[in-house]
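Visitor: Have a look at this one.
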Amino acid sequence: MSQPEHSSPAATPTAVYTAEQAASLIARYRSVRKPRPFDGRCPYVGAVPFRESDARLYFGHENQLEALLDRIERGDGFIGILGPAKSGKTSLIQAGLTFALRNGAVMDSDSWPIQILTPGGAPLRRLTEACAELIERAGLHQGIADALRRHGLNGRGDVRDFVDALLGTNARRRVVLIVDQFEDVFTSADEAARRAFIGLLAQLAKEPPPRLILILAMRSEFLDHLARFPELHKPLTARAVELPPMAPQELARAIVLPALETGADIEPALVARLVNDVYGAPDALPKLQVALRDLFLAIPVKRGAEKKLLLADYVDFGPLQEREGDRPPPAADAPATPAIRRPLREALGEQRAMSHFARQEARLRLMSSVTAIAAALAALALAFGAFGLAQRAQFGQQADAASTAAAIAQADAARALQTAGAAAFAQATAEAHATRAEDARRGADATRAVAEAAATQSVAAQRLALAERATAIAIATAVVDRERNAVMLEATISAVATQSSAQARDALAAKATAEANLSATRSRELAAVALNQLADDPQRALLIAVEAEQAAHTAQAEDALRRAFARAFPGDGVFRHPAAVTDAEFSPDGRYLLTAARDGVARLWDVASGQVVTAFRGHLGQVTSVAFSPDGRRVATGGTDRTARLWSVDAGRAITVLIGHTGVVNDVAFSPDGRLLVTGGADRAVRVWDLTSGGLLTAPIQTGAAISRVLFLDDGAIGVLTADGALRFDPRTGLSIGAWSPAELPQFTRLPDGALVAQLDRGAVTVYGHTAPARVADARGDRLVTVSADGTARVHPLRPEALVERARSLLGRELTCEERVRFLNEARRCPAS
C-alpha cells in the first residue's frame, strides 16, 4: 500500500526538519537514558506557561538559559529578556531560570531569595509588596516589612537598605528580583506611576546595589514605547538576552524530550511534521504545547502500558494549519466527526505512617524488670559467699582442736610403752635370781613375792596402756573423720561460691545487656523524634539525631542523622555543575575530586575548600568517565565524541587525544604502573593504549555487548563489564582468560525516595541529598562520592562519628533546656525565659 503524502515531511521540498533527524535525536536520548514504562503524566502543559514545577519537561530554550546563567555568574546586576508575544519569556523565567537558580546552577544560588512580579497598574506598590513578602519569608521581624510597606521604595538607597536587611552580612548570597511582563507599565499604569517606576529601575540599571540581581522581561513590540525613556531603554537593549523564533532542532527537543521523560514514545515522522508546521512562528512553543496536549489526552493509556504518539492520529485529529483556518469546509452530506473524549487522569497515592512509641515504652518497662531481677540475684550470690566463708572458719577451728587431742593421746601411749618395757626387764631379772638362788629358795621367798607383785602390777599397767592407746586411736580416727568431713564441706562451700560467682557474672552480663538494650531503645526513640521534626526544623532534627547517635549506634540513629544532615545543610559536600554529573573519582591522596559532566567539561576540585582547581575543556560532547593515574599527575577522560583524552594536572592541558572508538567511550582506567590506559565503549570494543607511544598495545578486543565498565584487576588482567557478564582479558595479547566477579565495584540500590543504599565492607550505608537519579561513583577510605542528573556530585562521610563532628561544627548550638524537656523527655527544670 502506498504511503500518504503527509506521512513523511522529508518528502516536502520546503521541509526544514526530517524524520531521520528526529530518529537520531530519539536514539541519542535513549543512549544516555534507559527507557522506562509510561508513568501516566501528560508531558505537555498546553496554552499556559511552564511553571517551576514543570522544569523537568521544559526543553528548547537551553541556549538562552545558559546565556542568562553566564551573565549572573559574571556578576551582572541588571539583565533584560526580550522576545515577541508568546515566545516563551515567562516559561524561560519560571521553568528555566528560577528552577536552575533554586537548584544551585550558580554557586550558592540555592540559598538566594527569588521573587517574580508583574507591574500591573501600580508597579511601585507591587514592587514594594514583593520585597516585603521576601522579608516575611526570611523570618525577619514583622516591623521591617511593615515599615517597608509604609514608606515604599523611592530610590536606589531604599532598595540597597532592603537588600542589606534581607541578606545581613552574608556576602555570598544575592537577591533576585524578576519583573515579568514589563509592558504592563505602558498598558495598565498611568503616566505618573509609569515615570516613577521607570525612574527607579533606571537608577538600579545604572548602578545596581551590591548583591542585587534585577531582571526585566518585556515584549519586544514595546521597545518603541520605552524609547521615550532613554535612561532605561539603552541599558535594557544593551544587556538583553533575546528570544528569537525557535530553531528546528530546538522545536524538536521541545517535542521529543518531554515525551521520553515520562516514558512515552513518539513517531519520528510526527516530530518532523510538527516542526515544519510551526517553524518560523514567534509563538511556536505554545502552539506545539496546545496541539500536543490535545493529541496526548485524546487517547488515554493506563500507567505502565505503552504510550506512543503517531502521525496518523495527529492528521486525524487535525493538523495545526487546518485548525488555524486552512482546513477545507466539510461537505454538506459528510457525517459529523465524533467529539474526542479526554478521560486521562492522574493517579494519586497516599502514604500512611505508624508510630512505634507504645512498643518502645513496653520494652523499657521490661528492661527495668530484668535489671531489678539481676540485681537481686547478685545480692543473693554475695550472701551465699559470706555464709560459706564463715562455715569454713568454724570447721577449721574444730580441726585444730582435734589435732591437739590426738597429739596428747600419742604422748600418753608412749609413756605407757616405756613403763611396760621396764616391767618386762624387772621380771627377767627376778627369774634369773630365782634360778641362781634355787638352793636358797626358802630364803628368797620374800623377794620372790615382791617380784611377783611387781610383775602383776606391770601387767595391769600394760593393760591400762593398751586401753589408753586404743582410746587415743579412736579419738584420732574421729578427728580424721571430722577433718575429712570438714574438707568435704569446704569443697561444697567452694563449689557453692564458684556457682555464686558464675551467677554474679551472669547477672552482671545480663545487666550490661539490659543497659545496652535500653540505650539502643533510647537511640531508636530519639531517631523517630528527629524524623518527625525534619519537616518543621531540619537543624533541630539534626541536633536530636546527634543525641540519638550518642545514646547508642543503631541503624535508625545513623539513618536519621544522614537524613537530617542532608536537609539541614543541603550544600555541604556538594560540587555543583551546570549539567548532569556522569562520573567522579577521588585522587590517590584523597585531596582532590575529579568529575565529569554533560556540559563537556571535566573539573578538578579541592575537596576541603570545594573550589575548582582546573577545568579540562576539549571534548566535543558530553564527558562520560574520568580516572586518575596512580601518581595523581595525569587524568584520563572519555566522552560521547568517541575519544579518550589524557591531561596534565599541573598544566591543565591535553597531552594526547586517543582516537579509534566508533561509539561513545563509556569508561577509562589506568594500569597500576600508569603506563597503560584501557578504554571501553558502546562500540563493544576494548582498546589498550601504550601511553609512551600513544598507540594501541594490541588489536581492539571485541565483545558481544556494549561495555559499561573497564578496570585493571589485581592479577594484572583487564576486567570488562557488559550486559552479557564480567570477562577477563590479557592486556598484552587481547585473549580472553575467563570470567571475574564484579563484587569489588561499588554496589548500590536506589530507593523510591531518591536515596542510595551503598553496599560497602563496613555494611550498608544509606545516603541522601540528590533530587534526581544518582549512583555511587567511587568509595575510598572513610568517604564515598555520588553523582546525579541533578547536576551535583556529593561527598558523604562514612563514619557516623565524622558526621556528628561535622554537624556540630556547622550547627554552632546545642538543644535548649526547653527543647531537651519537650523532645528528649528529660526531667529537668528550666530557668524562666
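The values are calculated or read from the model by the stated rules, or taken from the named source; none is laboratory data. Given the structure is predicted, the values throughout are model-derived calculations rather than measurements. So basically every Cβ, Gly included, is an ideal-geometry build from the backbone, and we count neighbours across all protein chains shown. Note: areas computed on protein heavy atoms with side chains; ligands, DNA, RNA excluded. Shrake-Rupley method; radii C 1.70, N 1.55, O 1.52, S 1.80 Å.
Visitor: Could you list which residues have their amide H under 5 Å from that of A644, counting only those 5 or more apart in sequence or on another chain, with H placed in the peptide plane?
Guide: So A644 has HN proximity to L658.
Visitor: Hey, rough spin-label estimate for Q499 and L810, points 7 angstrom out along Cα→Cβ, what's it come to in nanometres?
Guide: 6.0
Visitor: Can you give the net charge of the other residues whose Cβ lies under 13 Å from the Cβ of A777, counting K and R as +1 and D and E as -1? Let's see the in-between values first.
Guide: Numbers: positive: R709, R775, R780, R783, R794; negative: D583, E585, D667, D778.
Taking every other residue near A777 into account, the sum is +1.
Visitor: Here is a further query. Using the per-residue mean of other Cβ atoms lying within 10 Å as a proxy for protection, in what order, highest first, do the peptides 533-543, 305-315 fall? Let's see the in-between values first.
Guide: Values: 533-543: 18.8, 305-315: 16.9.
The most tightly packed comes first, giving 533-543, 305-315.
Visitor: Want the number for H225 to D283: 0.36 nm per residue separation, take away the alpha-carbon distance, what's left? Numbers along the way, then the final one.
Guide: Values: separation 58, 0.36 × 58 = 20.88 nm, distance 2.19 nm.
Here the segment from H225 to D283 would lengthen by 18.7 nm.
Visitor: Enumerate the calculated ³J(HN,Hα) couplings along segment 633-644 in order (Karplus 6.51 cos²θ - 1.76 cosθ + 1.60, θ = phi - 60°), each rounded to whole Hz, writing x wherever the residue is Gly or Pro.
Guide: 9, 10, 10, 10, 9, x, x, 6, 7, 6, 10, 10
Visitor: Sticking with this structure for a sec: If r is the Cβ-Cβ distance from R633 to D715 and R0 is 22 Å, what FRET efficiency results, to the nearest 0.05?
Guide: FRET efficiency, R633 to D715: 0.30.
Visitor: Please list, or write none, the aspartates and glutamates whose alpha carbon is within less than 12 Å of the alpha carbon of K206, excluding same-chain residues fewer than 8 places away.
Guide: Candidates past the 8-residue exclusion: D76, E231.
Visitor: May I pose another question? Just list whichever of K287/K308; K86/K307; K89/K287; K34/K308; K86/K234 have alpha carbons separated by over 26 Å in the model shown.
Guide: Where the Cα-Cα span goes over 26 Å, the pairs concerned are K86/K307.
Visitor: Just the Cα atoms of segment 599-731: what Rg and Dmax do they give in Å?
Guide: 14.3, 44
Visitor: Could I have the simple spin-label model distance between A147 and S24, label points 7 Å from Cα toward Cβ, reported in nm to one decimal?
Guide: 6.2
Visitor: A further question follows. When the Debye formula is applied to the Cα atoms of segment 231-284, each taken as the same point scatterer, what base-10 log of I(q)/I(0) results at q = 0.12, 0.18, 0.28, 0.31 Å⁻¹?
Guide: Values returned for q = 0.12, 0.18, 0.28, 0.31 Å⁻¹ are -0.41, -0.66, -1.06, -1.16.
Visitor: A follow-up question, please. Could you give the length gained on full extension between V821 and R591, defined as 0.36 nm per residue of separation minus the Cα-Cα distance, in nm?
Guide: That pair, V821 and R591, stretches by 78.6 nm at full extension.
Visitor: May I pose another question? With N denoting the number of residues in segment 545-668, provide Rg(C-alpha) divided by 2.2 N^0.38 Å, to two decimal places.
Guide: Segment 545-668 yields a ratio of 1.30.
Visitor: What is the distance in Å between the Cα centres of segment 134-211 and segment 677-728?
Guide: Result: 59 Å between the Cα centres.
Visitor: Distances over 18 Å make up what percent of all Cα-Cα pairs in segment 680-782?
Guide: Working: 3029 of 5253 pairs.
Pairs farther apart than 18 Å: 58 percent.
Visitor: Please identify every one of the trypsin sites (Lys or Arg not before Pro) in segment 680-742 that sits in a loop by DSSP and has no more than 15 other beta carbons within 10 Å of its own beta carbon.
Guide: Details: sites: R684, R687, R709, R728, R732; in loops: R684, R732.
Of the trypsin sites (Lys or Arg not before Pro), the ones in loops of segment 680-742 whose Cβ has at most 15 other Cβ atoms within 10 Å are R732.
Visitor: Under 8 Å for C-alpha pairs, at least 6 residues apart: give me the relative contact order for segment 768-817, rounded to a whole percent.
Guide: Result for segment 768-817 is 25 percent.
Visitor: Where the accessible area of segment 704-770 is counted over protein heavy atoms with a 1.4 Å probe, how much of it, in %, is carbon and sulfur?
Guide: Here it works out to 52 percent.
Visitor: Across segment 597-605, in residue order, what do the Karplus-derived ³J(HN,Hα) couplings come to in whole Hz, using 6.51 cos²θ - 1.76 cosθ + 1.60 with θ = phi - 60° and x for Gly and Pro?
Guide: In residue order, the calculated couplings are 9, 6, 7, x, 10, 9, 10, 9, 10 Hz.
Visitor: List the residues whose amide H sits under 5 Å from the amide H of E826, counting only those 5 or more places along or on another chain, with H placed 1.01 Å from N in the peptide plane.
Guide: V821
Visitor: Also: With a Förster radius of 45 Å, plug the Cβ-Cβ distance of S708 and E129 into 1/(1 + (r/R0)^6) and report the FRET value to the nearest 0.05.
Guide: 0.25
Visitor: Treat each spin label as a single point 7 Å out from the Cα along the C-beta direction, and report the L745 to T471 distance in nm.
Guide: 10.2
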